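Each reported figure results from applying straightforward, stated rules to the coordinates on display, with no laboratory input. Not measured: the values here are computed from a predicted model. Note that we place each Cβ from the backbone using ideal geometry, even for glycine, and neighbour counts take in every protein chain shown.
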Amino acid sequence: MKEQLLVGQTLAFTADPFAVPVADAARHSARGGVLLRDGVIADVGEADALRAAHPQVPVTDHGRGLILPGFVDAHMHYPQTGIVASWGKRLIDWLNLYTFPEEARLDDPAYAQEIAARSLDLALAHGTTTLCSYTTVAPHSVDAFFTAAEERGMRVVAGKTCMDRPETTPETLRDTARSAHDESAALIARWHGRGRAVYAISPRFSPTSTPEQLQALGALWADNPTCLMQTHISEQVDEIAWVRGLYPQARDYLDTYEAFGLLGERGVFGHAIHLEPRERARLRETGAGLVHCPTSNTFIGSGLFDMGGLMAEGQRIGLATDTGGGSSFSMLRTMAAAYEIGQLQGNALHPAQLLWLASEGSARVLHLAGRIGRLAPGAEADLVVLDLHSTLAIAQRAARAGDIWEAVFPTIMMGDDRAIAGVYVAGQQTRASSST
Ligand code: GUN
Ligand code: ZN
């Protein structure tokens, strides 16, 4: 049995801060402790009491550092790591000019391995311990990602990106309805539930799939109901018009998935900005997850996610970088962007809500609640320790803070990887660095 006690400030959510007043949703301790046992959180409490109860257990003291669950990035594209921050295009042109050529480069297995390792090390350096990623159409790109995650002990979700539509997809990146099904099935058999791996069946989005492919993947999901299914929906107005042209029978964008069995509780829909009332109703009724990708939605010029309205109607919502469409690997920067988008809509998200979205919210969307994203006994010991004074600008503001929320908000708004004072993956402290 391996035990250790981490000491620092702790902040644990006891309820959803979108559903109850913030004061009732979280417990802060200025001198808290987290007892880890064999990669799992065994107890959370006051440092002194835990020390007294477990005098033999070695202590790691993080001082004033704030111990939180590791961040959970619920939607990203690891193959796009190398083209993050590519200038000047909106979604469809951005895909054609930057994304598809880069994804084709991962046809080289060695390059796929290099990018998988880089993307995971960047995530860890930014305090993200779980990613839900797309890959490329090549099955070896899925192996590369799960293998790199396994080497780091990380819980990740991923799946082969499926696309077979000749009018919209370059030939080098195309599979078929049959091969998408069969290759995904083989990857599910190899990876789903192996160690900390979770498989997500991944039709990229309906414009790059034929109806036959969507049908085949719907059948695959029915055969493998414990898998997640991830895709994109209603990110840009031009994209929605494109979908209407490609699927003239569909009632709306969501119907292009629903009609083929690709709507359900374990569905994870990225962006979800320009939804119709019927789509919102069906997403809520089925309990599907929506993922807010705020840096991407501004960077690619997509629009403003309606957090206030969607939360009020009871949607399940997580938060994500969407790198490389998103412009940052940092979930701190992503929370800041979510705050700014809320402000544009008259909805100032509380720091508790932002932190909850980046941990418990994303974990719920990925059906991993209770296992990750939570500082509570029984959860896996994936943790981040934040330095709330990581730069002069942040420190001088935090010095005036009257409570934990005021103390953490400058780091949310202005923090980056310099604020990451420690990362634990399944109880092991990692040394990933984002410096070159
Ligand atoms: N829609 C389909 N593919 C993509 C992608 O790679 N990034 C983003 N942002 N949207 C998409
Ligand atoms: Zn995406």
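Here is how the numbers come out for the structure above:
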read-out	value
Neighbour-count order for Val22, Val243, fewest beta carbons within 10 angstrom listed first	Val22, Val243
Mean projected area (nm²) of the alpha-carbon convex hull when the range 338-436 is viewed from all directions	8.0 nm²
Pair Asn347, Ala401: separation of 7 Å Cα→Cβ label points (nm)	2.5 nm
Label point distance in nm, Ile92-Glu167, each placed 7 Å from Cα along Cα→Cβ	1.1 nm
Distant-in-sequence amide H partners of Leu386 (H built 1.01 Å from N, under 5 Å)	Leu66, Ile67, Leu68, Ala421
Student exercise, the chain dipole from Lys, Arg, Asp, Glu Cβ charges, in Debye to nearest 20	660 debye
Longest to shortest principal axis, alpha-carbon extents of the range 23-110, angstrom	60, 37, 20
Histogram of C-alpha separations across the range 173-312, 10 Å bin width, %	12, 41, 35, 12, 0
Antiparallel bridges, percent of DSSP beta bridges restricted to the range 277-431 (to nearest 5)	55 percent
Amide H contacts of Leu290 (H built 1.01 Å from N, under 5 Å, at least 5 apart or other chain)	Phe269, Arg316, Ile317, Gly318
Leu310, Leu124 arranged by Cβ crowding within 10 Å, fewest neighbours leading	Leu310, Leu124
HN-Hα J in Hz across the range 248-261 - Karplus 6.51, -1.76, 1.60, θ = phi - 60°, x for Gly and Pro	x, 7, 6, 5, 6, 4, 4, 5, 5, 8, 4, 4, 10, x
Helix-only CD estimate at 222 nm, as mean residue ellipticity for the chain, using -39500 (n - 2.57) per DSSP H run (n ≥ 4)	-10500 deg cm²/dmol
Volume per residue of the C-alpha convex hull in the range 142-194, rounded to whole Å³	78 Å³
Kyte-Doolittle at least 1.6, axis length at least 15 Å by Cα - qualifying DSSP helices, the chain	none
Percent RCO, i.e. relative contact order, over the range 324-422, from Cα pairs under 8 Å lying at least 6 residues apart	30 percent
Stokes-Einstein diffusion coefficient of the range 268-413, Kirkwood radius over Cα pairs, 10 °C, 1.306 mPa s, in µm²/s	99 µm²/s
Rounded FRET efficiency, nearest 0.05, which uses the C-beta distance separating Ala189 from Gln56 and R0 of 60 Å	0.90
Protection proxy ranking of 166-172, 31-37 - average other beta-carbon atoms within 10 Å, highest first	31-37, 166-172
The chain, relative contact order [Cα under 8 Å, separation at least 6], %	20 percent
Karplus (6.51, -1.76, 1.60) ³J(HN,Hα), θ = phi - 60°, over the range 419-428, in Hz, Gly and Pro reported as x	7, 8, 8, x, 9, 10, 10, 6, x, 9
q = 0.11 Å⁻¹, the chain: log10 I(q)/I(0) [Debye, one scatterer per Cα]	-0.78
